[in-house]
Structure formats: C-alpha cells, structure tokens
1. What is the distance, in nm, between label points placed 7 Å from the Cα along the Cα-to-Cβ direction at Lys92 and at Ala109?
2. What's the magnitude of the charge dipole for the chain around its Cα centre, counting Lys and Arg as +1 and Asp and Glu as -1 at the beta-carbon? Answer in Debye, nearest 20.
3. Cα-based count: Lys pairs in the chain below 16 Å, eight or more positions apart or different chains?
4. With the crude spin-label approximation of a point 7 Å out along Cα→Cβ, what separation in nm comes out for Asp11 versus Arg153?
5. In what sequence do Glu37, Glu104 fall when counting other Cβ within 10 Å, fewest first?
6. Once you put a point 7 Å from the Cα of Thr145 and another 7 Å from the Cα of Arg121, both along the Cβ direction, what distance in nm separates them?
7. How big is D, in µm² s⁻¹, for the chain by Stokes-Einstein at 10 °C and 1.306 mPa s if Rh is the Kirkwood radius over C-alpha pairs?
Amino acid sequence: MAILPILTAPDKRLKQKSLPVADVDLTIRQLMDDMLETMYAAPGVGLAAPQVGILKQVIVVDIGSEQDKQIHTPLLLANPEIIRTEGELLWKEGCLSVPDQVAEVLRAAVIEIRALDHNNRKIHLEATELLAVCLQHEIDHLQGTLFIDHLSRLKRAIILQKLKKAKEAKEQE
Ligand code: NI
C-alpha cells in the first residue's frame with residue numbers, strides 16, 4: 001500500500017468528471033487500498049479518486065471512528081450511484097482537498113445507493129446521517145463538484161481566495 005499525494009483546490013483536476021470502471025480488477029483494488037491508507041493517514045472519513053489525480057469513479061469511506069453506531073468497516077466502492085433520496089439535513093462539512101475550511105451544506109437525509117464493492121460484487125445500501133452525507137460528498141467529487149460548490153458565490157469566492165493564498169505561501173517556503 002502507498003500514501004498518495006492529495007490535490008487541493010483550486011486545481012483543474014478536481015473539477016473534472018471521472019469515468020466509470022469496467023470491473024473492480026486488481027488495479028482498481030490496489031487503488032482502493034492506497035486511497036484507504038491515504039485517507040487514514042490524512043486523517044479523513046472519505047476520499048474520492050480524483051482527489052489523488054485519478055479520474056475514475058472510485059471512493060473510499062470509513063466513518064467508524066466518528067460514529068460507532070453505523071458501519072464500522074470501510075466501504076470501498078466503484079461506480080457509486082444514488083438511486084433514491086429522502087428528506088434533507090444540514091451538515092458541517094470539510095474536505096481534504098479544501099484544507100482548513102468547513103461550511104454547512106444541505107444534503108439528503110437518507111440515500112440509497114448501488115455500486116460495485118472491492119470484490120466486484122454489485123451492492124445496494126441505505127445510509128443515513130454522517131454516512132449519507134459522506135457518500136454524497138464523495139460521489140459529488142466524481143462529478144467534479146466540491147462541497148464549496150454548494151455554497152453561495154460569495155462564500156465560495158472567499159474560501160477559494162484563502163486557499164489560493166495558502167497555496168502561494170506554501171510554494172514560497
Ligand atoms: Ni472531499
């Protein structure tokens with residue numbers, strides 16, 4: 001396994017659409033394992049392949065440490081698709097590609113998704129609360145959408161300005 005570098009906004013690659021995978025073969029499985037290790041090291045509760053510069057529909061999520069009541073084991077998914085949503089909830093979100101910024105985003109309270117798991121099996125699952133939010137956030141990444149894209153133009157501009165400045169400061173180090 002390997003820890004991969006995480007892209008941070010603004011970065012064109014974070015705005016692109018990812019392509020579905022044909023199968024979860026050994027290459028995709030390796031990517032999932034590397035992404036999981038990268039996410040744990042960050043640390044974070046979710047990571048999408050475009051965040052490590054790979055435009056494939058692959059996400060990993062583990063909210064185990066944050067919320068014991070829900071799924072403990074990590075979810076490693078390819079081609080995740082939301083097939084049903086219910087209700088709404090506001091959740092304060094952050095993102096490894098939008099460092100040090102948090103904002104409330106309106107999400108569906110309950111979602112049902114289908115995807116391929118790490119063994120290339122078709123799965124179906126229903127998620128609520130943090131897991132639902134996290135899955136919606138990661139699935140958004142596959143469409144080139146960041147959580148800040150759900151905010152008002154002004155809020156987004158302020159955050160992007162901060163990120164740009166932080167990047168420039170880092171480059172000058
Ligand atoms: Ni994110």
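Here, each number is a calculation from the coordinates, and none is a lab measurement. Since we're looking at a predicted model, the values are computed, not measured. Note that each Cβ is placed from the backbone with ideal geometry, even for glycine, and that neighbours are counted across all protein chains shown.
1. Using points 7 Å along Cα→Cβ, the separation is 2.1 nm.
2. It works out to roughly 720 debye.
3. 10
4. So the two model labels end up 2.7 nm from each other.
5. Glu104, Glu37
6. 3.0 nm
7. 97 µm²/s
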